[in-house]
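Structure first, commentary second.
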Amino acid sequence: MSSDIAIDVSGLRKSYLIFDSPVHRLWQMLFRGRKHFFREHEVLKDISFQVRRGETVGLIGRNGSGKSTLLQIICGTLEATAGEHCVNGRVAALLELGAGFNPEYTGAENVRMSAQILGLSNHEIEARFDSILRFADIGDYIDQPVKTYSSGMFMRLAFAVIAHVDADVLIVDEALAVGDAYFVQKCMRFLHGFSAAGGTLLFVSHDSSTITSLCDRAIWLHDGRVRMDDTPKHVTQAYLSDLYRQEQGEHVQVVETDPASDSRLEVGEDYVDARRNLVLASNLRNDLEVGRFDSAGEAFGKGGARIVEVSLLDEKGDRLIWAVGGEPVSLAVTVQCEESFAAPIVGFLFRNRQGLSLFGDNTYLSYMDRGLRCEAGEVWRARFDFRMPILPAGEYSVSVAVSEGSQRDHVVRQWVHDALIVSSHSSSVATGVVGIPMKSIALGKIG
């Protein structure tokens, strides 16, 4: 295998023999294979892919699609039925909470044992022991048996160990889902640093935002096969569409544009950015080019309502083709009702080029007690008034949707990916994914 390939998986298959009862297992032993008393369940079916050194790859898929089985085979804790796999370099894995920990041992004893299993010498373990404990930050519980730990404490200790073993390849299977916000952010900072330093990461998560923000590439497993291997944005969009189809029996629907007239907009002045005059007079002004609504863009939904226009408006209600970061704007979404339904919700998501959701909102909370109902043939419009953030240079997209129900329980009538494209040509953003207009900025000596 080439030295720049960290993980190579070829034709991997994994089957389980399922016996309906212990008696059937006994009969199988007595007949010595001449007759079958089991059912064969194939979990992985000809899985093949390569991960290059320094690449961060996300695995997504519904429960039962084979993600955990695949990772266990790659790590060597499970043997494949057929196919080959090879990993170059030291591997550290966090496959499931408590895996490899002895529940009767203390946290400190499990740290030493796990680090030895991952290839560290006694001298290396002692040199890093205090750092591991600081990273885990579980206090006096480190001297308690791990059987007394919560799932969050398990995750803290296990992640702290794999973060200190100088792994070439790191494999994490949905472990961060149980951590508290503070520790999850610490783990994400470590993973970003690990990737930036050239480490190879194979990461499983059901959170599409995490996949798009962390990974260079995403692989979608479906029914034991690789269904899609592409950029995180394209894969997560396709996965989301399929998820709604399976749960709600929806179908993809492409609509034709039928623009409706714009309503006038009144926006009160709340404040002006303290740096406005300086920025507008420099090459740091955040000029944003706004595209037209793409009526032929990728879409899915049950149907019964169509999004026929999406536009960005100025304070007068006129459609913008150029905007400036920090200025008041409105996003208008026009919906054609093709059948009657109750409790309509219209929402949007503003995403960067990698597909990471930056901000968004919907109409549910504002109208949840109004008893709204769309009738066939009606045209509705949602309008979101806000101050446009200051965007780093690059391309952004607005995805919009119309649904029926509530935020927790709803049916998507239509979701349109990348309905509007916004291109930022210059920016004063110093750090972060977006900037915000500053009401005031002060610096002075006190005392």
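So which residues in the range 124-178 are among the basic types (Lys, Arg) and either within 24 Å of the chain's Cα centre (by Cα) or not in a helix (DSSP H, G or I) (or both)? Walk me through how you get there before you give the answer.
The initial filter retains those residues of the range 124-178 that are among the basic types (Lys, Arg), namely 128, 134, 147, 156.
Matches in the range 124-178: ARG156 only.
A quick yes/no check of all residues on (1) in contact with a Leu (Cβ under 7 Å, 6 or more places away or on another chain); (2) more than 21 Å from PHE190 (Cα to Cα); (3) loosely packed, with under 14 Cβ neighbours inside 10 Å; (4) free of Cβ contacts under 8 Å to residues at least 12 places away in the same chain:
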site	(1), (2), (3), (4)
ALA80	yes, yes, no, no
GLU84	no, yes, yes, no
VAL87	no, yes, no, no
TYR105	no, yes, no, no
HIS123	no, yes, yes, yes
ALA127	no, no, yes, yes
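Residues that are acidic (Asp, Glu) and not assigned by TED's automatic domain parsing to the domain that holds CYS215: which strands (runs of 3 or more DSSP E) entirely in the range 311-421 hold 2 or more of them?
394-405
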Verdict on PHE38 being hydrophobic (A, V, I, L, M, F, W, C), in contact with a strand residue (DSSP E or B) (Cβ under 6 Å, 6 or more places away or on another chain) and modelled with pLDDT under 85: yes
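Please find, among ALA419, ALA442, ALA376, the residue that is under 26 Å from ARG353 (Cβ atoms) and out of contact with any Pro (no Cβ under 9 Å at 6 or more places or on another chain). Steps first, please.
Details: ALA442 fails: under 26 Å from ARG353 (Cβ atoms); ALA376 fails: under 26 Å from ARG353 (Cβ atoms).
From the options ALA419, ALA442, ALA376, the qualifying one is ALA419.
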Qualifying residues in the range 89-103 (those that are closer than 16 Å to VAL51 by Cβ and touching a strand residue (DSSP E or B) at 6+ places or on another chain (Cβ under 6 Å)) - the one surrounded by the fewest Cβ atoms within 10 Å (Cβ to Cβ): GLY89
Breaking point among (1) crowded, with 16+ Cβ neighbours inside 10 Å; (2) of a type outside the set (Asp, Glu); (3) not in a strand (DSSP E or B), for GLY432: (1)
Single residue of the range 285-326 satisfying the filter (among the aromatic types (Phe, Trp, Tyr) and crowded, with 17+ Cβ neighbours inside 10 Å) that is farthest from VAL429 (Cα to Cα): PHE300
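Taking the condition among the charged types (D, E, K, R), more than 26 Å from PRO232 (Cα to Cα) and out of contact with any strand residue (DSSP E or B) (no Cβ under 7 Å at 6 or more places or on another chain), does ARG370 pass? If you could, list the steps in order and put the result at the bottom.
Values: among the charged types (D, E, K, R): yes; more than 26 Å from PRO232 (Cα to Cα): yes; out of contact with any strand residue (DSSP E or B) (no Cβ under 7 Å at 6 or more places or on another chain): yes.
Here the answer is yes, as ARG370 does meet what is asked.
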Matching option when the condition is within 27 Å of VAL333 (Cα to Cα), basic (Lys, Arg), modelled with pLDDT of 75 or more and touching a Lys or Arg at 6+ places or on another chain (Cβ under 8 Å), among ARG408, ARG413: ARG413
Cβ pairs under 7 Å, 6+ apart, first in the range 151-167 and over 14 Å from LEU95 (Cβ atoms), second among the acidic types (Asp, Glu) and part of a loop (DSSP other than H, G, I, E, B): GLY152/ASP180; ARG156/ASP137
Among residues of the range 191-215, those that are surrounded by 15 or more Cβ atoms within 10 Å (Cβ to Cβ), of a type outside the set (S, T, N, Q), in a helix (DSSP H, G or I) and in contact with a helix residue (DSSP H, G or I) (Cβ under 8 Å, 6 or more places away or on another chain), counted: 3
Any hit, the range 93-106, residues being touching a Lys or Arg at 6+ places or on another chain (Cβ under 9 Å), farther than 27 Å from PHE203 by Cα and of a type in the set (Asp, Glu): yes
Criterion violated by ASN63 - all others in (1) farther than 23 Å from SER205 by Cα; (2) under 25 Å from the mean Cα position of the chain (by Cα); (3) polar (S, T, N, Q) satisfied: (1)
Test: residue in the range 378-389 that is within 23 Å of the chain's Cα centre (by Cα) and either surrounded by 17 or more Cβ atoms within 10 Å (Cβ to Cβ) or hydroxyl-bearing (Ser, Thr, Tyr) (or both): yes
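Scanning for something free of Cβ contacts under 8 Å to residues at least 24 places away in the same chain, within 24 Å of the chain's Cα centre (by Cα) and farther than 18 Å from ALA299 by Cα, does the range 338-359 turn up at least one residue?
no
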Failed condition for GLY54, given (1) touching a residue at least 12 places away in the same chain (Cβ under 8 Å); (2) in a helix (DSSP H, G or I): (2)
Some residue of the range 387-404 being without any contact (Cβ under 8 Å) to a residue 40 or more places away in the chain and out of contact with any Ser or Thr (no Cβ under 8 Å at 6 or more places or on another chain): no
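Might you check whether a residue that is basic (Lys, Arg), farther than 18 Å from PRO389 by Cα and surrounded by fewer than 16 Cβ atoms within 10 Å (Cβ to Cβ) occurs anywhere in the range 354-374?
Initial filter on the range 354-374 (basic (Lys, Arg)): 370, 373.
Filter once more, so that each one left must be farther than 18 Å from PRO389 by Cα: 370, 373.
Then keep just the ones that are surrounded by fewer than 16 Cβ atoms within 10 Å (Cβ to Cβ); that gives 370, 373.
Checked the range 354-374: at least one residue is basic (Lys, Arg), farther than 18 Å from PRO389 by Cα and surrounded by fewer than 16 Cβ atoms within 10 Å (Cβ to Cβ).
The values are calculated or read from the model by the stated rules, or taken from the named source; none is laboratory data. Since the structure is predicted, the reported quantities are computational estimates derived from the model, not experimental observations. As a convention, Cβ positions derive from the backbone with ideal geometry for all residues, glycine included, and neighbour counts pool all protein chains shown.
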